[in-house]
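Have a look at the structure below before the remarks.
The values are calculated or read from the model by the stated rules, or taken from the named source; none is laboratory data. Keep in mind that what you see is a predicted model, and the values were worked out from it rather than measured. Counting neighbours? That spans all protein chains shown, and the Cβs are built from the backbone with ideal geometry, glycine included.
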Amino acid sequence: ELDGGTITEAEEYEADVEKLDSPQYVKDKLKREIKRLKSLAGNNAEANVERTYIETCLELPWNVSTEDNKDIDNAAKVLDSDHYGMKDIKERILESLAVRNITGSGKAPVICLAGPPGVGKTSIAKSVARSLGRHFVRISLGGVRDEAEIRGHRRTYIGAIPGRIINAMKEAKSKNPVILLDEIDKMASDFKGDPTSAMLEVLDPEQNKYFVDHYLELPFDLSKVLFITTANDLRNIPRPLYDRMEVIDIEGYLEEEKLEIVKNFVLKKQLKENGLSKDFIKMDDEVIKYVINRYTREAGVRQLERTIGKLCRKVVKEMVENPKLKPVTMTKELVVKYLGKEKYRQEPLDMNPQVGLVNGLAWTAVGGVTLEIEVSVLPGKGQIVLTGMMGDVMKESARTGISYIRSIADKLDIEPEFYKNKDIHIHIPEGATPKDGPSAGITMTLATISALTNRPVPGNIAMTGEITLRGRVLAVGGVREKVLAAYRMGIRKIILPKECEADIEKIPETVRNDIEFVLVDKMEEVLEVALLERM
Ligand code: ADP
């Protein structure tokens, strides 16, 4: 089978190696591999493995870089032209870029954009790339549990391929791209090794100049890459990784902000993507708000963008059927015609005082939500039954609350043996899993006290706070998001831990001024405000 084919191929590879812009050790290695390929003539399977390897090495941007645009004013303009609002976030990104200009890439911490889905994490990272004139590649880390996915498989392994980092470099076509490490909080470890330690090496300026992928067997220089990471939930990032990061929080948008985003960005973008001229669909504020409130429920704007896109496609379809179609002015009726009936109707909260029912606030991966926590007390054997959305942390927190209640039972005229002869049933209806379990502590405790004493709790108050055995109220996370959620539901009085006082500053002024905040240190203060007299 020595038909000359393989030899010509090898010669071609040799020519490519000569042209390759790479360190000498890469060329030397490739020459050895080409030699081996020649010797493999006739052995197809192995020759194929060899070819793939050679081609992978030839495709990598060993010495290829793009020229950075170091003009910070230009970067500011690009970030502004791509995104509405996000003032603090843009400023911090620009600061970080400026620091990089001065100190060189290595020393600066890795930016981590943290926030719920659809708030613009990916798109701001893309803008950073655009502003610097660098290429952009996204690596999704969600569900990565095997170290080899980061660092590659050895070539002796059947079907071996490089890891995701080297693959991204191939895609980037330059050694200094912006690489977005998406959902770094969703990496997990299992018996196949710990991707975290591989990731640490990738991000460590001391080590990443000589990053060795198992497949490649050659060190590849990652030190010029600008890595940006994203996370929904910071608590899931392993400590050593977290310590390398500078976290920039991106929080959810208010209705008004979403409106501006649609008016200035999303509608234009969707019209263009669907081949419609820029004024073909007109939507006034009220109609946009109708879409926001009745067809989406999210902290970000992803669902909203998809929904506007769907409206555009319906109009396109109509235009195909009727080429003379005039520009469309959207009305609520047309929205219903195109999107079907409303998906979300704000069930107004029952603002009347009730026994055993308290509005809690939770912070989930998709933003803040209100939770109606419901407790009923029945004759029984002292069981605590928890149903609905309940994690272990919540159960723990419910038990802490009950121990606290035992310690003050006499003051509240609660039968001292209640924990032995009554069953306490705590139910949290629905919603996503909270990011911070214990933050429903004071809510569950109040609902339980209300049920035990038959004293009602006002329906127009919401609260969040962790409780200790002695009834101290401790700080919780996500205050801004939680308050915004309560506000959306029409609540204007909120109980928060005193320790969270500083977080109130982060709430937009229009909302902040409209809400009465009650700051508490102790559970007793919650009772004073929220436990009414028996009716
Ligand atoms: P994430 O990465 O946080 O999940 P994306 O970056 O994918 O979110 O954002 C979803 C969509 O919403 C994108 O099309 C993005 O451009 C748009 N978007 C988000 N925030 C803004 C904003 N502040 N201004 C304009 N568009 C935005």
Residue under evaluation Ser223, criteria (1) part of a loop (DSSP other than H, G, I, E, B); (2) in contact with a Gly (Cβ under 7 Å, 6 or more places away or on another chain); (3) over 20 Å from Ser22 (Cα atoms), criterion not met
(3)
Checking the condition surrounded by fewer than 21 Cβ atoms within 10 Å (Cβ to Cβ), farther than 29 Å from Tyr25 by Cβ and either within 16 Å of the ligand (Cβ to nearest atom) or under 25 Å from the mean Cα position of the chain (by Cα) (or both), which residue from Ser123, Ser197, Ser131 passes?
Ser123
So for the range 202-211 (the condition being hydroxyl-bearing (Ser, Thr, Tyr), surrounded by fewer than 21 Cβ atoms within 10 Å (Cβ to Cβ) and over 30 Å from Lys87 (Cβ atoms)), does at least one residue qualify?
yes
With criteria (1) touching a residue at least 40 places away in the same chain (Cβ under 8 Å); (2) surrounded by fewer than 19 Cβ atoms within 10 Å (Cβ to Cβ); (3) over 20 Å from Ile111 (Cβ atoms), Ile261 comes up short on (2)
Filter the range 74-113 for residues that are closer than 26 Å to Leu267 by Cβ and hydroxyl-bearing (Ser, Thr, Tyr); which is farthest from the ligand (Cβ to nearest atom)?
Ser81
Filter result for the condition that a residue is of a type in the set (D, E, K, R), touching a Ser or Thr at 6+ places or on another chain (Cβ under 7 Å) and at pLDDT below 90, over Lys435, Lys395:
Lys435
Quick one: is Ile449 in contact with a Gly (Cβ under 8 Å, 6 or more places away or on another chain) and either at pLDDT 95 or above or crowded, with 24+ Cβ neighbours inside 10 Å (or both)?
no
Go through the residues of the range 374-394 one by one and say whether even a single one is assigned to a helix (DSSP H, G or I) and closer than 30 Å to Gly490 by Cβ.
yes
For Gln354, which of the numbered conditions (1) loosely packed, with under 11 Cβ neighbours inside 10 Å; (2) farther than 27 Å from Pro117 by Cβ; (3) in contact (Cβ under 8 Å) with a residue 12 or more places away in the chain fails to hold?
(1)
When the range 318-333 is checked residue by residue, the ones that are modelled with pLDDT of 95 or more and either in contact with a Gly (Cβ under 7 Å, 6 or more places away or on another chain) or not hydroxyl-bearing (Ser, Thr, Tyr) (or both) are Met330, Lys332, Glu333
Search result, residues across the range 480-497 that are free of Cβ contacts under 8 Å to residues at least 40 places away in the same chain and over 24 Å from Arg399 (Cα atoms):
Tyr487, Arg492, Lys493
Lone qualifier among Ala129, Ala148, Ala160 - being assigned to a loop (DSSP other than H, G, I, E, B) and hydrophobic (A, V, I, L, M, F, W, C)
Ala160
